[in-house]
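The structure under discussion appears below in the form of structure tokens.
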Amino acid sequence: MGTDAHSVTLPATHDPQTAPSAGDAGMQQPAWYTPRRLMVFFCLITFLVYMDVGVIASNGVNGSMRTKDNPQGSGIQGDFNLSYFQDGVLPAVFMVGLMVASIILTDLTAYFNAYRLIGAGMLVWALGALGSGLSQGFWSLLVARVVVGAGEASTITLSFPFIDDVAPAASKARWFGLLAVFPSVGVAIGYVYGGLVSGALGWRACFLIEAGLAVPIILWTLFAPAVTLRSSLGVMRSAATATGKDGWRQRLGYSLRHLWGDLKVLHRHPVFLYNNWGNVPHQAAVGAFTYWGPKAAKEVFGKPSSQVDVAIAAVTITAAILGTLGGGVLLDKLGSTIRNGMLINLASATLALACCAVAFIVVQGFALFCVVFGLGLLVTFMAIAATYAISMWSIPPPQRPASQAIMIVTMHLFGDVPSPPVVGAIQGAVHNWRLTLSVLSSVLVISVLLYIAGVHASKTATDYRMQESEQEVTRGCDDVPRTDHQSMMNAC
């Protein structure tokens with residue numbers, strides 16, 4: 001503490017598309033571990049936590065408001081007599097829990113094994129799902145949704161840095177794309193699962209079954225031999241050295257300086273910022289479409305709830321799989337560079353804006369709406385792999401967990417946290433879903449402008465996969481050392 005400015009030793013120069021993964025270099029991993037097994041495990045966890053998002057948005061679980069024609073309503077909205085705004089607040093508070101926990105987790109990786117943190121997060125998530133199923137009113141459900149969001153944070157914040165560690169260098173974008181498929185697939189399956197299970201057992205059973213499905217995952221991640229996250233090793237040693245004999249005040253001070261140092265590093269990288277903020281309108285649109293899409297389609301086209309849930313789920317699954325995987329494959333084929341990733345994001349936002357505008361303003365039939373809206377979702381999902389890749393490659397490796405946490409906070413705080421209640425409030429005022437969702441689609445113009453700036457900035461951006469082994473990057477906080485695992489172990 002109180003030393004000269006510290007620096008980080010980065011990997012040796014290599015071609016990022018042909019070099020082997022460095023994920024296992026210099027580390028002992030458990031006997032059960034292989035990169036593909038870890039990938040499958042993270043895909044399973046991601047699917048489960050995002051299925052919950054689709055469950056609460058499904059017509060069967062979310063239900064309908066009480067009206068003169070239907071004084072009891074149905075589902076959560078009917079049982080708890082929720083307004084559109086209150087209904088829209090539920091996904092918003094979920095994201096609040098997710099954001100706050102993401103920031104906390106960034107610091108906890110300096111003290112605890114990242115894989116164990118994922119297990120602890122899943123335990124919190126399961127408790128929130130259990131609370132959702134047992135809730136007795138709006139406020140108890142609100143608290144439960146905050147807990148669910150907080151539990152999900154560990155998976156969302158830490159899974160991509162793990163995959164960046166272990167994925168083959170020539171196909172990292174495809175691995176990012178594959179992992180990024182499962183949030184959308186989980187949401188889509190959640191629509192169908194919510195409709196079917198709520199119809200047979202009631203909406204509460206959907207959440208209780210979810211909690212039960214998480215139990216084996218929790219036991220494995222907490223008690224099986226743990227995998228180690230490469231970029232956290234030096235940070236954990238540094239934190240142990242800096243705080244081993246300190247009290248809680250000193251540790252809190254270290255943690256705050258640690259976070260402030262990460263923020264200073266991240267905000268010195270324009271491409272990271274353009275990528276991050278360009279993703280925010282994307283997430284605002286996708287978050288509101290995900291939550292209100294089934295209800296809007298049902299009311300606009302006059303179709304039965306079950307038919308709409310299945311159709312929207314099929315469109316979402318198809319678009320998510322083809323778009324997210326296709327975006328990863330496209331980035332690998334074009335060349336896994338930061339500039340190509342930003343060009344993919346720009347094309348995605350532009351085409352999504354055009355498709356959504358046509359779907360909500362022009363199209364009259366439900367079948368054609370599904371096709372056009374599906375194309376809009378397809379090109380939207382094509383940006384996901386590139387967005388995660390840029391967030392990893394455009395910043396120094398020790399800041400990868402922080403970059404994921406900051407990306408999560410911004411895209412939720414300014415994106416899909418406010419968008420559902422705002423859309424609900426607009427719809428409550430205008431009572432016209434076409435107009436409401438057309439207004440929502442227009443926010444993609446902001447993404448287009450930011451990605452244009454990002455393409456320009458990427459011409460001179462540093463790709464941190466290609467740094468010289470002895471190149472030093474000042475962390476921005478004199479009192480807090482941040483090194484990678486190799487330089488720290490050499491120093492020890």
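Every read-out reported here was derived from the displayed coordinates using simple, explicitly stated rules and does not represent laboratory data. A quick note: this is a predicted structure, and the numbers were derived from the prediction, not measured. Here Cβ is always computed from backbone atoms with ideal geometry, including for glycine, and neighbour counts include all displayed protein chains.
Using Cα pairs closer than 8 Å and at least 6 residues apart in sequence, work out the relative contact order for the stretch 54-205, in percent.
With pairs under 8 Å counted, the relative contact order is 33 percent.
I'd like the projected area of the stretch 83-241, averaged over all directions, using the convex hull of its alpha carbons. Report it in nm² with one decimal.
For the stretch 83-241, averaging the hull's shadow over all directions gives 10.8 nm².
What are the lysines whose alpha-carbon lies under 27 Å from the alpha-carbon of Lys459, with same-chain residues fewer than 8 places away excluded?
Lys172, Lys264, Lys333
Under the definition of Cα pairs under 8 Å and six or more residues apart, what whole-number percent is the relative contact order of the stretch 281-393?
35 percent
Excluding residues on the same chain fewer than 8 positions from Lys68, give the lysines whose Cα lies under 27 Å from its Cα.
Lys295, Lys298, Lys303
Give me the extension gain from Phe414 to Tyr111: residue separation times 0.36 nm, minus the current Cα-Cα distance, reported in nm with one decimal.
Between Phe414 and Tyr111, full extension yields 106.1 nm more.
For labels at Leu213 and Ala200 in the simple 7 Å Cα→Cβ model, what's the distance in nm?
About 1.3 nm, to one decimal.
With labels modelled as points extended 7 Å from the Cα through the Cβ direction, what inter-label distance (nm, one decimal) is found for Thr460 paired with Arg257?
Between Thr460 and Arg257, the simple spin-label model gives 3.3 nm.
With a 10 Å radius around each residue's Cβ, average the other Cβ atoms per peptide and rank 311-318, 183-190, highest first.
Output ranking for 311-318, 183-190: 183-190, 311-318.
At 0.36 nm per residue, and after removing the present C-alpha to C-alpha distance, how many nm does the segment from Gln364 to Arg37 gain when stretched out fully?
Value of the extension gain: 113.1 nm.
Which FRET efficiency value, to the nearest 0.05, is calculated for His267 and Ser306 with the Förster distance at 56 angstrom and r the Cβ-Cβ distance?
According to the calculation, E is roughly 0.70.
Would you order Trp433, Trp139, Trp393 from fewest to most other beta-carbon atoms within 10 Å of each residue's own beta-carbon?
Fewest-to-most Cβ neighbours within 10 Å comes out as Trp139, Trp433, Trp393.
Take the Cα gyration tensor of the stretch 127-175, multiply each eigenvalue by 5, square-root it, and list the three semi-axes largest first, rounded to whole angstrom.
Calculated on Cα positions only, the semi-axes equal 36, 8, 7 Å.
Between the stretch 363-426 and the stretch 259-332, what's the alpha-carbon centroid distance in Å?
Rounded to whole Å, the Cα centres lie 4 Å apart.
Starting from the 7 Å offset along Cα-to-Cβ, what nm value, one decimal, do you get for the label separation of Leu449 and Asp69?
Spacing of the two 7 Å Cα→Cβ label points: 4.2 nm.
Would you kindly state how much longer the chain becomes between Phe85 and Val329 on full extension, computed as 0.36 nm times their sequence separation minus their alpha carbon distance, in nm to one decimal?
Taking Phe85 through Val329 to full extension adds about 83.9 nm, to one decimal.
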